[in-house]
Amino acid sequence: MSEPTVDPQRLQDDLERLVRLPSVAFPGFPPEPVREAADLTAQLLADAGLEGVTQIDVPDAAPAVFAEIPAPPGAPTVVLYAHYDVQPSGPEEAWTTPAFAPTVRDGRLYGRGTADDKCGIAIHLAALRAFGGRPPVGIKILIEGEEETGLGTLSELVAADPERFRADAFVIADGGNVATGKPTLTTSLRGFAVVEVTVRTLRDFVHSGVAGGAAPDALVALSRIIASLHDDAGNVAVEGLDRLPWDGAAIDEADFRRESGVLDGVSLIGDGPVAERLLTRPSITAVGIDAPTVRGAGNALIPEARAKLSARLAPTQDPQAAADAIVAHVRRAAPWGVQLELDVSGLAPGALLAGQGPVATAAAAALEAGYGVPVTRIGTGGAIPLCADLARIYPDAEFVLWGASDDRSRIHASDESVDLGDLERAAQAEVALLRGLAG
């Protein structure tokens with residue numbers, strides 16, 4: 001029996017239709033495109049031959065799209081997961097072409113969500129279409145609409161009704177490849193925690209010529225706190241955070257510098273293997289600061305300043321314990337008795353996923369079939385809260401984390417893109433995986 005094949009043009013068309021919708025689920029953005037993306041996802045699944053596609057109401061969040069195909073006798077059931085919500089596009093001028101006008105250049109499709117993670121939906125659709133909507137295994141489709149917000153509401157819904165989503169294997173199409181044409185299985189995830197730090201020192205702005213030198217400036221105090229988070233080499237200096245060794249594929253420093261856009265003469269931070277720094281150790285980044293802007297700033301001491309600290313955590317780290325450790329560090333580092341307000345949010349656990357076992361072996365074989373080259377196993381520095389939660393809720397299930405993004409995809413940045421060749425290869429690999437699991 002010949003292998004079912006993917007239709008590359010239909011695959012691209014499905015992805016382009018999804019990318020045209022600015023489905024940003026964060027507060028302050030219009031909810032209509034998010035709802036349209038849910039509707040379109042449901043419609044495309046129905047077009048791919050699935051019956052009984054439903055939208056699950058998620059409290060205070062965008063709906064999840066769900067559909068189920070019963071397993072043939074003796075065959076396993078597989079959950080296919082992706083998400084239709086996207087990050088905000090950022091400044092329009094940072095994009096070569098508009099973020100929500102999908103455009104092909106040099107074999108890559110550009111637009112917000114092309115790689116994270118509407119390509120995951122397109123891959124699932126292509127695999128289902130290849131089987132005419134009747135795959136050789138049981139299928140449960142779960143497409144969420146709030147992954148980027150980090151709220152974790154869908155995890156609570158799954159935990160409340162675990163039988164509805166129970167499966168033998170979960171295929172999470174929200175990962176990616178280490179490079180174009182290099183198929184990759186992700187075997188670990190870092191966790192995530194956010195701590196917002198507000199520093200107050202004065203009742204109001206005070207002239208710097210009158211009070212400077214004696215009165216404390218809130219922005220200077222905040223800067224000292226942020227500087228204390230790392231040692232002189234750039235390693236995280238917060239006590240009590242997990243650090244694990246990495247024994248998987250190495251990451252070349254020169255390649256990483258080039259792919260990340262590190263400027264000439266600027267050193268990387270931290271010490272030890274680059275892969276370990278990125279995959280199994282903590283990192284802390286100040287992703288935003290509230291303070292007067294340089295343009296129009298007066299010669300005055302600043303009474304209040306705020307920073308948002310984003311921490312990525314080792315796969316084994318309890319996120320609440322990590323947040324507590326960061327809060328304790330900030331309190332110790334705060335100078336001059338400044339007043340502090342500390343808010344913790346966005347907690348998400350990491351996960352260690354099996355790199356071996358029947359499903360992982362089948363996934364590796366499927367990737368090699370789809371791409372024609374051996375598979376690479378590596379971790380990811382990003383957090384996928386639902387993946388970690390599913391591993392906790394279903395400890396006997398096996399997990400496959402992969403996707404079509406690559407080192408050039410610029411996820412969460414301007415000019416996000418996906419290689420169309422890898423998109424087709426990833427979809428063909430999923431076809432091979434479903435057939436392999438049936439066997």
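Each value in this text was obtained by applying a stated rule to the coordinates, not by laboratory testing. As the structure is a computational prediction, the values presented were derived from the model and not from experiment. Cβ coordinates were reconstructed from backbone atoms using ideal geometry, including for glycine residues, and neighbour counts include every protein chain displayed.
Tabulated values for the structure
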{"item": "Semi-axes of the equivalent ellipsoid for the chain, Cα gyration tensor, largest first, Å", "result": "41, 23, 21"}
{"item": "Shape call, the stretch 59-196: gyration tensor on alpha carbons, a/c limit 1.5", "result": "oblate"}
{"item": "Only Lys, Arg (+1) and Asp, Glu (-1) charged, at Cβ; the chain dipole about Cα centre in debye", "result": "480"}
{"item": "Distant alpha-carbon pairs in the stretch 1-108 (separation over 17 angstrom), percent", "result": "65"}
{"item": "Restricting the stretch 341-439 to trypsin sites (Lys or Arg not before Pro) in coil, as DSSP defines it, with at most 16 other Cβ within 10 Å", "result": "Arg408"}
{"item": "Counting DSSP beta bridges with both ends in the chain, the antiparallel % (nearest 5)", "result": "65"}
{"item": "Mean separation of Cα contacts under 8 Å, 6 or more apart, over the residue count of the chain: relative contact order %", "result": "25"}
{"item": "Rounded if a/c under 1.5, otherwise prolate or oblate - the stretch 191-310, Cα gyration tensor axes", "result": "prolate"}
{"item": "Cα-based shape type of the stretch 279-361, given that a ≥ b ≥ c are square roots of the gyration tensor eigenvalues and the cut on a/c is 1.5", "result": "prolate"}
{"item": "Choice from Ala94, Ala369, Ala404 with maximal GNM fluctuation in the chain (Cα, 10 Å cutoff)", "result": "Ala94"}
{"item": "Stretch in the chain that is longest and holds no GluC sites (Glu not before Pro) that DSSP places in a loop and that have at most 15 other beta carbons within 10 Å", "result": "240-439"}
{"item": "Once exposed loop chymotrypsin sites (Phe, Trp or Tyr not before Pro) are cut out (DSSP; at most 15 other Cβ, 10 Å), longest piece of the chain", "result": "1-204"}
